[in-house]
Amino acid sequence: MIETIDQTKRIFCGIGLSALACGLSTPALAAWPKMASPTARHLSFHNLHTDERLQIAYWKDGAYDRTAWAQINHILRDHYSGQSHVMDLRLMDLLHDLQMSLRNDNTIEIISGYRAPITNQHLREATNGVAKNSFHLQGKAIDIRINGTALSDIHTAALAMDRGGVGYYPDSQFVHVDVGPVRRWG
């Protein structure tokens, strides 16, 4: 991952130097798409079951922050058993990018993050629509709402990203996103 970031930095530096050498003016460079700040990625969570809150920069200066990661794993733990699991880095990037596409960096309300196998089994027995091999079991899925954004807008934006599974649960008031294969339901 760090090599990829270093390669990206070299490419952008090369483009900038090439543009200067070719005499491209600032207006020509301004036509390039704007990118989010490369120095930090932030997320804000509210676990609705434990009432815990977390505002954190999980990626800083080109690297994932291990201390932040431990805090994210904790707030996204199985609220029934208290068990934590290492959450997939791509899931946090997906949430960050989802918020960027919605232009809303408000708090992400957590309905369900990691699920221990026993919790998943109990949910399967009690309700419909819980997968036997849910990506929640692997730390690759989260069920969310975002303050200030309609559920239907979150759903539409997540579908447009085309980066994993998206489930829509308007009756239960959440959207499921995961970093598994691209698919949709609900």
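Some observations on this one:
- The spacing between region 124-167 and region 37-57, judged by their C-alpha centroids, is 18 Å.
- Distances between placed amide hydrogens fall under 5 Å for residue 108 paired with 44, 45, 46, all partners being 5 or more residues away or on another chain.
- Volume in Å³ per residue [convex hull over Cα atoms, computed for region 37-185]: 104 Å³
- The label point for residue 106 and the one for residue 126, both projected 7 Å from the Cα toward the Cβ, are 2.8 nm apart.
- Residue-wise HN-Hα coupling along region 159-165, computed from phi with Karplus coefficients 6.51, -1.76, 1.60 (Hz; x: Gly, Pro): 4, 5, 5, 6, 10, x, x
- For residue 80 and residue 173, the FRET efficiency from 1/(1 + (r/R0)^6), where r spans their Cβ atoms and R0 equals 25 Å, is about 0.80.
- Test item: Cα-centred dipole of region 37-185, Lys/Arg +1 and Asp/Glu -1 on Cβ, debye: 280 debye
- With distances taken between every two different alpha-carbon atoms, region 36-80 has a Kirkwood hydrodynamic radius of 11.2 Å.
- Cα gyration tensor category, rounded, prolate or oblate, for region 80-166 with a/c compared to 1.5: prolate
No value in this document is a laboratory result; all are computed from the given coordinates. Just so we're clear, the structure is a prediction, and the values are computed from it rather than from any experiment. We place every Cβ from the backbone using ideal geometry, glycine too, and count neighbours over all the protein chains shown.
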